[in-house]
Amino acid sequence: MTPAAAPGPKVYHAAPDGRSAACSRPNPCSLETARDKVRQAVAGGMDRDVEVRLAGGRYALTEPLVLDERDSGFEGHTVTWTAAPGARPILTGGVPITGWRRQGRFQVASVPEGVEPRQLFVGGARATRARGASCPASVCDATTTGMTGAVASGVAGWQDAPEAEAVIKVRWRNYRCRIDRVDGDVISFAQPCWTNSASGTGRTGPAWDTTTVDSSRYSGVAFFENARELLDEPGEFVYDRTDRTITYLPRAGENLADAVVPSTETLLRIDGASRVKIAGLGFQHAAYHQPGTDEGYAGTQAGLTLTGATGPEDHAGRYYTKPAAAVVVNGGSDVTITGAAFAHLGGAGVILQAGTRDSAVTGSTFTDLSSGAVYVGDTEPNPPAELRGERNTVARNTITLAGREFTDAVGIWAGYETGLRVDHNTLERLPYSGISVGWGWNQPVAQSPGMRDNQVTNNRIVDAMMVADQQHDGGAIYTQGPQPGTVISGNYVNRSAYGNTERDGNGVYLDEQSSHIRVEGNVITRVGYKWISNWAGYGIENLATGNWTDTTAPALSGRGSQQVDNFTALELLPEAALRVAAAAGARPGEVEQLVPDLARTGSATQSATEGTASAANAIDGSTVTDSRTTSAAGSWWQVDLGEVRAIGAVELWNDASMTTADVQVLVSRTPDFAEATVLPLPGKVLRPSPVTVDAEGRYVRIQRTGTGRIGLAGVAVHERDRT
């Protein structure tokens, strides 16, 4: 006898305008009614799967759709919320802004009561909160309640200064505090934002007071924003809380009929449910309100913040606050979010937390997010068993342009997790680290048996730590803490902190007490500092083996750590490396081949040598060892290529322990440079500064235009393209 086929799923239908109680295709219902239907079906026992199919269109939510234990599948069956065949349903927390009226060059509209916008999207494009120039620390000098510099910065002359925010970046941290008042030349900021951004709280890491707004590393305000006086570029806007208006300077040809501001923070919340699948849904215009309040945004790391006027003293980051997210899963089990599209968000995409396990975010896209894309796990090292994160997966997702507003955010973050799998994701154009796994720093209280056996494999990370975002001390792949059994392999990293000003952007960064981690078979090219870094002596027993990279700048400092059979200082990626790189990511991608360096086999000299910083250090394949001249007028460094070559480009790498600036690149056939092509490079040399050349020559010289040293960690000379 042929066994009976399993029954098809019980299906309910929802639509943006659904009002029926039938939840049928011709008579769809609302999301809430569909949920209630599912609960009734599940309560009666499950002999088949249950599906809610969402018709296309926009589901405007003023509060989250909440699923809990009553919405779970059981007896081997699953409850699925999915897009109807061919449909594109979008859950949105956005509020349309209408009634625009012209005022000179500007368009002005009223904002509905209860809506406090930080972002504005017009025609699907993110607008920019009006911002001004930077203010150096010598002018905007930190005080206990704020800073000086109100007059010189122009803040004192603003009509509505308390509507504005100061944006400050110190190393890996990002701060945003609202102005409370201006008294003469002194700016005071809202509390507790400013106190939490300053030193002396006792609520951050023991050395973190060196990265606060009142520390020696504070270099000033990156920019002020949200003042009417700063509104001068098309695509900028200002929100005035007093009269509840948005003033916008349109881009050419824009249609303001599609203007939306995020309002609702979380669109979907899953509390304690199991065997739930979310498939093919869109999530847009979710908000993140905390930064606009007196709490502000006192960034700690990776998009987490310090909140509350008081709190327990702690150096392990146990009490930091995650950003708001469009989808939040609390204590879920076997919850899958797949094929989703997250876009135009004021906060993060997805958070799996509070003991969520055996759950996954797969095959989804994340683009144009103010914060990070996916957060997994929590910051408590030793939670009760029911709150431990275990066996979660983040795979086959594409993440681009995360951290648009909060530039300390990362693409994928994980706290204390066991058996986490981060596999075959594509991450591109990110302001800080790409993937961050682990927490706790070098704190005894942070040692946790629940952080182990994690896998970061086959991911494609291109353009992490983008220079324009001014964040430092990170890497394309970043870890913290002991993680026995953890493996980082098969990843392709290209351009991490490439073109930065400091030596602190890495390929794989095993920070603080990262220990017992195997880094194997990765392809790592064009990084601003080290291809792998484990600077701390208390990060132990790490292994780097079989990796491919174009530099020889590693650092595995801890006891028992080893570097074995790596392929370093490559001028071309071999076929094996190209295959690994091409296979990484959510789908096969282009691999940027290396360009041979003509200087690598040349001979280097310089006008005079400071200490042991010989000229040869600039062509040894490492961007850590430095050449350095004395500070005589007209000091120079040069390389003899051995024969005349057709030169297309020269790359200069600043040594970063000093400022090399205002140099010239000279190319000549003869060593006296009697006839030479001269190319000026004004300003500070970066890591690297590329200079386009179209000349033939044997000798390449870097010469100071005035008095001062030349310090170079690297000089590369590339042949002109003959095609």
From the list P7, P16, pick out the single residue that is assigned to a loop (DSSP other than H, G, I, E, B), crowded, with 17+ Cβ neighbours inside 10 Å and either out of contact with any Lys or Arg (no Cβ under 7 Å at 6 or more places or on another chain) or not acidic (D, E) (or both). P16
Within the stretch 692-702, track down each residue that is crowded, with 18+ Cβ neighbours inside 10 Å and not small (G, A, S). V693, R698, Y699, V700, R701, I702
Kindly indicate whether any position in the stretch 335-354 is assigned to a strand (DSSP E or B), of a type in the set (A, V, I, L, M, F, W, C), within 21 Å of T479 (Cβ to Cβ) and touching an Asp or Glu at 6+ places or on another chain (Cβ under 7 Å). no
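Condition check ((1) closer than 18 Å to W413 by Cα; (2) touching a residue at least 60 places away in the same chain (Cβ under 8 Å); (3) surrounded by 24 or more Cβ atoms within 10 Å (Cβ to Cβ)) across all residues:
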| position | (1), (2), (3) |
| --- | --- |
| H285 | no, yes, yes |
| G292 | no, yes, no |
| E295 | no, yes, no |
| G299 | yes, yes, yes |
| A302 | yes, yes, yes |
| T307 | no, yes, no |
| E313 | no, yes, no |
| T321 | yes, no, no |
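Rundown of residues vs (1) outside the structural domain of A616 (by TED's automatic domain parsing); (2) touching a residue at least 60 places away in the same chain (Cβ under 8 Å); (3) outside any helix (DSSP H, G or I); (4) out of contact with any Phe, Trp or Tyr (no Cβ under 6 Å at 6 or more places or on another chain), yes/no style:
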| residue | (1), (2), (3), (4) |
| --- | --- |
| G558 | yes, no, yes, yes |
| A576 | yes, no, no, yes |
| V580 | yes, yes, no, yes |
| A586 | yes, yes, yes, yes |
| G589 | yes, yes, yes, yes |
| E592 | yes, yes, yes, yes |
Which residues, taken from the stretch 185-239, are more than 30 Å from A446 (Cβ to Cβ), surrounded by fewer than 22 Cβ atoms within 10 Å (Cβ to Cβ) and free of Cβ contacts under 8 Å to residues at least 60 places away in the same chain? D185, V186, S188, P234
Qualifying positions in the stretch 92-122 - surrounded by fewer than 15 Cβ atoms within 10 Å (Cβ to Cβ) and assigned to a loop (DSSP other than H, G, I, E, B): T98, G99, G104, R105, P112, E113, G114
Quick check: is even one residue across the stretch 433-441 more than 23 Å from I517 (Cβ to Cβ), crowded, with 21+ Cβ neighbours inside 10 Å and among the aromatic types (F, W, Y)? no
Could you tell me which of the residues V108, V122, V115 is hydrophobic (A, V, I, L, M, F, W, C), in contact with an Asp or Glu (Cβ under 6 Å, 6 or more places away or on another chain) and touching a residue at least 60 places away in the same chain (Cβ under 8 Å)? V122
I need a count of the residues in the stretch 489-516 that are aromatic (F, W, Y), out of contact with any helix residue (DSSP H, G or I) (no Cβ under 7 Å at 6 or more places or on another chain) and assigned to a strand (DSSP E or B). 1
Can you find a residue that is out of contact with any Cys (no Cβ under 6 Å at 6 or more places or on another chain), crowded, with 20+ Cβ neighbours inside 10 Å and either without any contact (Cβ under 8 Å) to a residue 40 or more places away in the chain or charged (D, E, K, R) (or both) anywhere in the stretch 58-72? yes
Name the residue that is farthest from L686 (Cα to Cα), counting only residues in the stretch 612-641 that are of a type in the set (G, A, S) and in a strand (DSSP E or B). A633
With criteria (1) surrounded by fewer than 17 Cβ atoms within 10 Å (Cβ to Cβ); (2) aliphatic (A, V, I, L, M); (3) outside any loop (DSSP other than H, G, I, E, B), A87 comes up short on (3)
Test result for S496, out of contact with any Cys (no Cβ under 7 Å at 6 or more places or on another chain), among the small types (G, A, S) and in contact (Cβ under 8 Å) with a residue 40 or more places away in the chain: yes
Does the stretch 642-678 hold any residues that are in a loop (DSSP other than H, G, I, E, B) and not charged (D, E, K, R), and which are they? A656, S657, M658, T659, T660, T670, P671, F673, A674
Within the stretch 517-535, identify whether any single residue is surrounded by fewer than 24 Cβ atoms within 10 Å (Cβ to Cβ), closer than 21 Å to L686 by Cα and not assigned by TED's automatic domain parsing to the domain that holds D655, and answer yes or no. yes
Of the candidates T204, T264, the one satisfying the condition of being more than 24 Å from Q103 (Cα to Cα), modelled with pLDDT under 95 and touching a Leu at 6+ places or on another chain (Cβ under 7 Å) is T204
The one condition in (1) touching a residue at least 40 places away in the same chain (Cβ under 8 Å); (2) among the β-branched types (V, I, T); (3) not in a loop (DSSP other than H, G, I, E, B) that V182 fails to fulfil: (1)
I need the full set of residues from the stretch 336-391 which are of a type in the set (S, T, Y) and either crowded, with 22+ Cβ neighbours inside 10 Å or in contact (Cβ under 8 Å) with a residue 60 or more places away in the chain (or both), in order please. T336, T338, T356, S359, S364, S370, S371, Y375, T379
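The values are calculated or read from the model by the stated rules, or taken from the named source; none is laboratory data. These figures come from a predicted structure and were not determined experimentally. Cβ sites come from the backbone with ideal geometry, for glycine too, and all protein chains shown count toward neighbours.
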